[in-house]
1. Whose amide H sits under 5 Å from the amide H of Asn434, counting only residues 5 or more places off or on another chain, with H placed in the peptide plane?
2. Out of residues 5 or more away from Ala335 or on other chains, whose amide H comes under 5 Å of its own, with H placed 1.01 Å from N in the peptide plane?
3. Peptides 287-294, 252-259, 57-64: what's the order by average Cβ count within 10 Å, highest mean first?
4. For the range 265-308, just list the percent of Cα-Cα distances falling in each 10 Å bin from zero outward, please.
5. If you build the Cα gyration tensor of the chain and take the root of 5 times each eigenvalue, what three semi-axes come out, in whole angstrom, biggest first?
6. Looking at the range 247-372, I'd like the Rg to Rh ratio, where Rg is from alpha-carbon atoms and Rh is Kirkwood's inverse mean 1/r.
7. Specify whether the C-alpha gyration tensor of the range 148-208 places it in the rounded, prolate or oblate class, a ≥ b ≥ c being the square roots of the eigenvalues: rounded for a/c under 1.5, otherwise prolate if a/b is larger than b/c and oblate if not.
8. Rounded to the nearest 500 deg cm²/dmol, what is the calculated helix-only ellipticity per residue at 222 nm for the chain, with -39500 (n - 2.57) per DSSP H run of length n ≥ 4?
Amino acid sequence: MLNAYAKRSRLGPVTQPLSNSLPGSPFFAFPRVRPAGVTLSGSPAESYEQFEGRWCMKITTPVGAFTDVVLPVPTPISIPGGDITALVHIESAATCLSVNLFAADSVGYVNYSYAGQTNPASPTFPTIARQGYVHVGINLPTGDNATDPQREWIVGGGAGMAFATTPVAAAKLRITPAAGTQATVRIFGVWHKERAKQSSIVLTFDDGWATQHSAALPILEKYGLRASLGIIGPLINQSTYMTTAQLREFIAAGSECVVHGNPSNPAYPGRLNLACYDTIPEIRADLRANADFLRSNDLVTNNSDQFYIYPQGVWQHAKDDRRILDALAQEGFTAARGTVTNAVSIIGGRWAKYDRWQIPIVGHLWAGAGAGAEDANITRIISRVTAAVNQGRCPWLTFHHFRAPTSAQDIDPANFEKICAAIADLINSGAAVNLLATEFVAQALAQ
């Protein structure tokens, strides 16, 4: 029997037009038998099945040894943007160490690059580890690999794959199990040049600070932008936080309020996230309390009480633990944003719905008072947003306090305006639109 999260996440048939999707060209897709030109290494268990309505290749690796699914490349393929994607289902994050795509300029893999989904051995709070559906989408590096390496091409051998100037002559998908285990992964397909027709840019403000109203709202209005505000019910109308009247001003200006939280359990001091609760009923009670605050204060628009922002980005207690995800589904939530920045930006289009429970962000943290440090930081953020739009991705940006910086979560309003001006330029060029969180989710679910 499927749990509540799985029921809300299952891969069903596409029944509506792919209104914002360029589906790309498949290496293979939804196989019923081994696709022509595909070979396997490592003697895995191989089968083909319908899984939740879609045909797929099911691979179980040997114990402790990786399996390569070699993709058919009968003639070299020009992929100047380096945009290669795979839709997979990882049965267990505890047994699957990684699912990586490889691309090379020769069958000998002298110059090659790789990247994908990596499940760290033992993260304290596993915000990065993924199981279930994973849309593995890789793009060219943006020059920020220090913080965002996981979904950008990394040089693996020689000079790496020079996508911009050299056709791809060989490609494969490698499944690597954790030591002493076997990994089971279902592969629905691998594509190149998949992207959104038009990128969506989503602005999110966390916690409901008063400076969001006093300093950020006028800038949003100046540039015709809107934001999704993550609200912690008990903090509203308190000192340094917004009032309900100020939240309604945001809504009147076209923005929205979504559900956030600041859970606290004496049994877990300092752990201000949903993992401080041991049971699904406890998690549901916290979710419901913050959603009910929006409902009781007439702050719900466009089903905004069904979108959640994870406190501290924590969406699971441990690998393969679904208590938080099940609680969200049981309370009627349809999507959630995290704090992970190493998945680049979410890909818009037909598979965006399967990333909607762990939406990644382009975050801002104050770079400090050093000469030029914050200027470089703002330039980096603008570059990441611009690169994501150019790649057909949909960047979500996250901010907290808008004031002269004294702590990591502060941003000077003048610097926020620089970011907004850059976003407005992208929108005015026709390359992007500004969506609210709920609008993005609704569009993703309609694909």
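1. Counting only residues 5 or more places away or on other chains, the set is Ile201.
2. Amide H neighbours of Ala335: Tyr308.
3. Highest to lowest by the protection proxy: 252-259, 287-294, 57-64.
4. 26, 43, 26, 4
5. Sorted largest first and rounded, they come to 36, 25, 20 Å.
6. In the range 247-372, Rg relative to Rh is 1.00.
7. Here the range 148-208 falls in the oblate category.
8. Computed ellipticity for the chain at 222 nm equals -6000 deg cm²/dmol.
Rule-based calculations on the coordinates, nothing more; no lab input. Bear in mind that the values here come from a model prediction, so they are computed numbers and not experimental data. Cβ atoms come from the backbone with ideal geometry, glycine included; neighbour counts cover every protein chain shown.
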